[in-house]
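Data first, discussion second: the structure below is written as structure tokens.
The values are calculated or read from the model by the stated rules, or taken from the named source; none is laboratory data. Bear in mind that the values here come from a model prediction, so they are computed numbers and not experimental data. In this analysis, Cβ positions are derived from the backbone assuming ideal geometry, glycine residues included, and neighbour counts consider all displayed protein chains. Ligands, DNA and RNA are excluded from the accessible area calculation, which covers all protein heavy atoms including side chains. Shrake-Rupley method; radii C 1.70, N 1.55, O 1.52, S 1.80 Å.
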Amino acid sequence: MNFERHSQVASLITELNHAFPLAREIRNTREHAQALEQVEDLLEDYETNYILIEALSASIERYESSADEFSAFNQRQTDIEPAIATLRFLMEQHNLNTTDFENEIGKKSLVSQILNGHKQLTRRHIENLAARFAISPALFF
């Protein structure tokens, strides 16, 4: 990279750091909330704002992985099986409960046992869930 081009890039980075300091570092809950709002605003024109969205998202992820306020949540996520986490996520996103999976898994009691870690999702359960929600079965592994 020639000197002139390097200087232009350095200048652009300086401008970005000034305009979007949260893309570099989030230090507290107030800044975290601001970063989330900025990403939401930028998503309105995803193609144009892609680089900034990625930078802010990475900064948010770094903050959430190390902030004390997320430590209990992060520990629970580490301890949970991917299949159970995926099932819980689907339930939350689609406002479902244990009685809503009779066709894919079985009775409410079996779904509860799976969610509590006493039983595992079978291959057939995963195939049924993937078909219902039009997702890849790989999300359960």
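If you go through the stretch 1-35 and keep only what is open to solvent by 50 Å² or more (accessible area, probe 1.4 Å), modelled with pLDDT of 95 or more and in a helix (DSSP H, G or I), you end up with 29, 30, 34.
Applying a threshold of 7 Å to beta carbon distances and a minimum spacing of six or more residues, or different chains, the list of pairs starting in the stretch 37-57 at a residue that is surrounded by 16 or more Cβ atoms within 10 Å (Cβ to Cβ) and ending at one that is polar (S, T, N, Q) and part of a helix (DSSP H, G or I) reads 39/57; 42/49; 56/38. In the condition set (1) open to solvent by less than 100 Å² (accessible area, probe 1.4 Å); (2) in a helix (DSSP H, G or I); (3) without any contact (Cβ under 8 Å) to a residue 40 or more places away in the chain; (4) not acidic (Asp, Glu), residue 96 is compliant with all but (2).
With respect to the stated conditions, residue 131 fails to be surrounded by 10 or more Cβ atoms within 10 Å (Cβ to Cβ), assigned to a helix (DSSP H, G or I) and in contact (Cβ under 8 Å) with a residue 40 or more places away in the chain. Residues that are open to solvent by 90 Å² or more (accessible area, probe 1.4 Å), among the basic types (Lys, Arg) and at pLDDT 95 or above do not occur anywhere in the stretch 72-92.
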